[in-house]
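Presented below is the structure to which this report refers.
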Amino acid sequence: MLPTVNGKSFLECTEEDLQELLNNPDYRENEYIDYKAAFSFLEMPKGSPEKEKHIGEFRSDVCAFANANGGYLIYGISDSKGMAVRIDGISIRDGNTDKFELDRKNNLTPIMPKIPSVQFRFISLSNGNYVVVIFIRRDAYAPYVHIENEKDYKIYKRVGNGKSAMSYMELKNMFNQSLSLDAEVLKYRQQRIDYYRSQEDTPEHRYSQFFLFHIIPDTFVDSSYNKNLFMLSKKTPALKFSSVFYNMRCSYMASPNVDGLRFAGDSRENEGLLNNNGIAECFFPANGYLRSQADETILSYNWAWEDFRPMVNQYIGVMKNVIETRRIFLCISILGCKNTITNYGEFGEVIGRIDRGSILCNPVVVEDLENETTVDIAIKRLQIEFYLALGIRRSKELDKLIAEVTDNDNK
């Protein structure tokens, strides 16, 4: 269980709280805590073997926590035999903590399969320095590894107050768990589709043709990350959960239930669900975007996209400090719209048509929801997936999106 100080997580501590760590055996280095006096590699000559060695050690420390149960790397506190004894902090040029955090994350980019879920907190000290707390979360993408030598390497996890090489079976189990995350996302989406389709025998027609939009944090399979959103909304009124669905026109009549919060639409047809595990779901009947012409059904897909897109940014703004992760999946599903026309060419020919009755667009991953560029590119990828699902073959906007995503990938 992650340690707390004065009832606070290490990410919420002040300088006064940190004094509780000093010479306190309850906060000795263990599987969740590792003290570091400084980022030793920052003072070493650029490109020197010694500098690269110490950067590698930094990566290995992060991997070790990510491969175990998570924990805190705490820089700026010296220890003696694992006991915190002195708080000096780290000097950060011009107090630019944003740049410092970005530089440290850049140090972690060689980690595979991707940078682990890390969260930084800079605790200002009276001497002008900062204690840098890095919280590393265990997630479904473990095992993480930083390989310096392809011929001879080991993968480490945090054990007690140090690191230990992982066994073959531990690695095998982790790889299997990692591969299962995508399957769990697909399984969840299919369950929700099945639920709505089971309502088709009701007098309402909204369940025959509809869109489903999901935002799914990568922690959704772990029940320990669940929050009681109704209680949280009462405790923290500034958290405007209804704003997540504002552009989807279903931010009215919030009702608590066992899963979280439900928001009814202004037309009482569309609805939004914000679950305690962080999943946002918007059900939207397609009839609002469909029109008939010469015995054909036509979809106004640009209208649909302009409604979908803002939900991502609204979700991030409200939920990023609630869901305790930086990685989310964006998913669009299109149901019951087979043979619907989606685009015409310049001579009136059909150049876009939905070819099946059930489409689950490939999930798009936002790797770091606090990185605006990462979010922007992910939204563009989602829009491409949406257009391809609609069978749109030729579109200036589609060509532009593909070019922008490709340019970013080549940077």
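The values are calculated or read from the model by the stated rules, or taken from the named source; none is laboratory data. Because the structure is a prediction, the values reported are computed rather than measured. Here Cβ is always computed from backbone atoms with ideal geometry, including for glycine, and neighbour counts include all displayed protein chains. Side chains included, ligands, DNA and RNA excluded: accessible areas come from the protein's heavy atoms. Shrake-Rupley method; radii C 1.70, N 1.55, O 1.52, S 1.80 Å.
Observations, loosely collected:
- Checking every residue in segment 206-216 against the condition of being exposed (fewer than 14 other Cβ atoms within 10 Å of the Cβ) and either at pLDDT 90 or above or closer than 23 Å to L261 by Cβ (or both) gives zero matches.
This table checks each residue for (1) out of contact with any helix residue (DSSP H, G or I) (no Cβ under 9 Å at 6 or more places or on another chain); (2) aromatic (F, W, Y); (3) not in a loop (DSSP other than H, G, I, E, B).
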| site | (1), (2), (3) |
| --- | --- |
| G278 | no, no, no |
| S292 | yes, no, yes |
| T297 | yes, no, yes |
| N313 | no, no, yes |
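- Selected residue [open to solvent by less than 20 Å² (accessible area, probe 1.4 Å) and either at positive phi or not in a helix (DSSP H, G or I) (or both)] from D34, D79, D94: D34
- For segment 379-394, residues that are in a loop (DSSP other than H, G, I, E, B) and open to solvent by less than 20 Å² (accessible area, probe 1.4 Å) total 2.
- Filtered by the rule that a residue be of a type in the set (V, I, T), under 22 Å from R309 (Cα atoms) and touching a Gly at 6+ places or on another chain (Cβ under 8 Å), segment 341-378 gives I341, T342, I354.
- Those residues of segment 100-145 which are of a type in the set (A, V, I, L, M, F, W, C), crowded, with 21+ Cβ neighbours inside 10 Å and part of a loop (DSSP other than H, G, I, E, B), in sequence order: I115, A142
- All positions within segment 290-306 that are touching a residue at least 60 places away in the same chain (Cβ under 8 Å) and open to solvent by less than 20 Å² (accessible area, probe 1.4 Å): L299, A304, W305
- Among the residues making up segment 1-31, a single one is open to solvent by less than 50 Å² (accessible area, probe 1.4 Å), of a type in the set (S, T, Y) and out of contact with any helix residue (DSSP H, G or I) (no Cβ under 7 Å at 6 or more places or on another chain): S9.
- Qualifying residue in segment 60-70 (condition: open to solvent by 30 Å² or more (accessible area, probe 1.4 Å), under 18 Å from L108 (Cβ atoms) and within 30 Å of the chain's Cα centre (by Cα)): no
- Residue list for segment 228-251, restricted to those being farther than 21 Å from F211 by Cβ, surrounded by 12 or more Cβ atoms within 10 Å (Cβ to Cβ) and among the basic types (K, R): K240
- Residue among N313, N275 that alone is at pLDDT 90 or above, within 30 Å of R138 (Cα to Cα) and open to solvent by 60 Å² or more (accessible area, probe 1.4 Å): N313
- The requirement of being at pLDDT below 75 and open to solvent by 80 Å² or more (accessible area, probe 1.4 Å) is satisfied by D201.
- All positions within segment 287-307 that are in contact with a Phe, Trp or Tyr (Cβ under 7 Å, 6 or more places away or on another chain) and at pLDDT below 85: Y289, L299, S300, W303, A304
- Of all the listed residues (V322, V375), the sole one being at pLDDT 90 or above and under 26 Å from the mean Cα position of the chain (by Cα) is V375.
- Condition broken by E12, with the remaining ones in (1) within 16 Å of Y130 (Cβ to Cβ); (2) in contact with a strand residue (DSSP E or B) (Cβ under 6 Å, 6 or more places away or on another chain); (3) of a type outside the set (K, R) satisfied: (2)
- Residue check, M169 at pLDDT below 75 and loosely packed, with under 12 Cβ neighbours inside 10 Å: yes
- In segment 38-54 there is at least one residue matching the filter, namely being in a loop (DSSP other than H, G, I, E, B) and either in contact with a Pro (Cβ under 7 Å, 6 or more places away or on another chain) or at pLDDT 95 or above (or both).
- Leading residue by the ranking (most open to solvent (accessible area, probe 1.4 Å)) among those in segment 395-411 that are of a type outside the set (D, E, K, R) and touching a residue at least 12 places away in the same chain (Cβ under 8 Å): I402
- Filtered residues of segment 299-311 (kept if in a helix (DSSP H, G or I) and of a type in the set (S, T, Y)): Y301
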